[in-house]
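These notes are about the structure you will find just below.
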Amino acid sequence: MTTFARFALPLLAFSLVACAPADGADTAPPTSTSPSSAAPTAQAPAAAGYQTVTVQALHERLGQDIHIIDVRTPEEFAAGHIEGAQLLPLGELEGRMAELPKDGELYVVCRSGSRSAQASELLTQAGRSVTNVDGGMLAWEAAGLPVVQ
């Protein structure tokens, strides 16, 4: 193991644990990385190497060849999720990556965007093509977009 890996991996693990709320819920309010004048389909590269997309842009892609990963808890997922989304809680992601399709874009969503950003970083490091859904389910529901239970 390289010197970098010996220090970087424990730091990454610590940051994932330290940033995750104790009750498993996101605490950050929804944020927007896109200017309000930008078209809803615009995707902006995130600093971490993955893309970020608005909920409106994701809604436009529903029915296309995409895969939506919901990294919330089973209880949150049961309360309402995007049709076709696969539940894969953040805490289980590393051990269950093999369940995800190897090809195609993965869209990652959580409650507000915090856990999905962490998941997007992990998936990007694993070589996957990832798009984080900005604002998560809070933004999805605020936009009046459909949820299923």
Seminar exercise, completed: Contact list, first residue from the range 74-102 and over 20 Å from Q64 (Cα atoms), second anywhere and part of a loop (DSSP other than H, G, I, E, B) and among the polar types (S, T, N, Q), beta-carbon distance below 6 Å, six or more apart or interchain, is G80/Q149; P89/T73
For this session: Taking only the range 122-149 into account, find how many residues are out of contact with any Gly (no Cβ under 8 Å at 6 or more places or on another chain) and either within 11 Å of Y50 (Cα to Cα) or of a type in the set (V, I, T) (or both).
Result: 7
Exercise. Restricting attention to the range 64-107, and to residues there that are part of a loop (DSSP other than H, G, I, E, B) and of a type in the set (V, I, T), which single residue is surrounded by the fewest Cβ atoms within 10 Å (Cβ to Cβ)?
Worked result: I66
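Only one of T52, T73 is modelled with pLDDT of 95 or more and closer than 15 Å to T124 by Cα. Can you tell me which?
Values: T73 fails: closer than 15 Å to T124 by Cα.
Only one candidate passes the filter, namely T52.
I'd like to check something: does the range 110-120 contain any residue that is closer than 22 Å to G144 by Cβ, hydrophobic (A, V, I, L, M, F, W, C), modelled with pLDDT of 95 or more and assigned to a strand (DSSP E or B)? First the steps, then the outcome.
If we filter the range 110-120 for residues that are closer than 22 Å to G144 by Cβ, which is where we start, we get 110-113, 116.
In the following step, the residues that additionally are hydrophobic (A, V, I, L, M, F, W, C) were identified as 110.
From what is left, the residues that are modelled with pLDDT of 95 or more are 110.
Now restrict to residues that are assigned to a strand (DSSP E or B): none.
No, the range 110-120 contains no residue that is closer than 22 Å to G144 by Cβ, hydrophobic (A, V, I, L, M, F, W, C), modelled with pLDDT of 95 or more and assigned to a strand (DSSP E or B).
The values are calculated or read from the model by the stated rules, or taken from the named source; none is laboratory data. Worth saying up front: this structure is predicted, and the values here are computed from it rather than measured. Neighbour counts run over all protein chains shown; Cβ positions are idealised from the backbone, glycine included.
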